[in-house]
Structure formats: structure tokens, C-alpha cells
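Working notes, structure below.
Only the coordinates and a few stated rules stand behind these numbers; no lab work does. In this text the structure is predicted, and so the values were computed from the model without any measurement. Reconstructed Cβ throughout: ideal geometry from the backbone, glycine too, with neighbour counts over all protein chains shown.
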Amino acid sequence: MAKLSSINKNEKRKALVKKYAAKYAKLKAIADDESLDDTERLMARLKLAELPRNANPTRVRNRCNTTGRPRGYYRKFGVNRIELRNLGNKGLIPGLTKSSW
């Protein structure tokens, strides 16, 4: 199980990303638009820099929903590799069977 502080910190980041998503997308679109003049693009970059760092979507870490483990995360299931195996063996994930050969 991951440290509770790490899990909570990541949840706060998710909330900030959600809060600033529209503003971030709008400023990012202006900053990346090459048809605009350089001063407008620069102003958009400066406003992006004023947003909180944790409002950037790349700072959110994918973590297992059950244990909070950050490594070995499967996006499709939302759990890590260890929990995926445990849940699969118990038959709690539909369509997932243990491989044998």
C-alpha cells in the first residue's frame, strides 16, 4: 500500500487539473497557434506560467485504485499488475482468465 500522503497529494493534483482545465486548454491553444503574432502567443505563455504548477495534467500520476501503487498500472482496468492478477484469479474481472500452456 502506498503512503496515504502520496495518494492524497495526487488527488489534490487531479482536483486542480479539473479546476483549471478549460483555462489551461484555451491558453495552450493560443500559445500553439502559429497564425497569431508573437506578442499574443508570448502573453498566453506568460499567463500559462502564472497558473499553479499542479494544474498541469502531466503532473498527475496514474495510481492503482485499490492500493495506490504507482508502478505497473494498467489503464484499461485502473489497477496495478499485482491487483490485476489477484482480481483475475478471484474471477472479479469479466473476460480475464489465467494463461497456461
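The modelled label-to-label distance between Arg45 and Ala15, using points 7 Å beyond Cα along the C-beta direction, is 3.3 nm. Placing one equal scatterer on every Cα of the chain and applying the Debye formula, the log10 ratio I(q)/I(0) at q = 0.10, 0.15, 0.21 Å⁻¹ is -0.46, -0.73, -1.00.
Using a Gaussian network model of the chain in which every pair of alpha carbons under 10 angstrom is joined by a spring, one finds that among Gly91, Gly68, Gly78 the greatest mean-square fluctuation is at Gly91.
Other residues with beta-carbon under 14 Å from the beta-carbon of Ala2 carry, at +1 per Lys or Arg and -1 per Asp or Glu, a net charge of +4. Couplings 3J(HN,Hα) of segment 73-81, computed from phi: 8, 9, 4, 4, 9, x, 10, 8, 5 Hz, in residue order, whole Hz [Karplus 6.51 cos²θ - 1.76 cosθ + 1.60, θ = phi - 60°; x for Gly and Pro]. Each residue of segment 87-93 was assigned a 3J(HN,Hα) from its phi angle through the Karplus expression (A = 6.51, B = -1.76, C = 1.60, θ = phi - 60°), giving 5, x, 5, 7, x, 8, 10 Hz with x at Gly and Pro.
When only the Cβ of Lys, Arg, Asp and Glu is charged (+1, +1, -1, -1), the dipole of the chain relative to its Cα centre reaches about 860 debye.
Think of the chain as a dipole: +1 on every Lys or Arg Cβ, -1 on every Asp or Glu Cβ, centred on the Cα centre; then among Phe77, Val60, Ala22, Phe77 lies furthest on the positive end.
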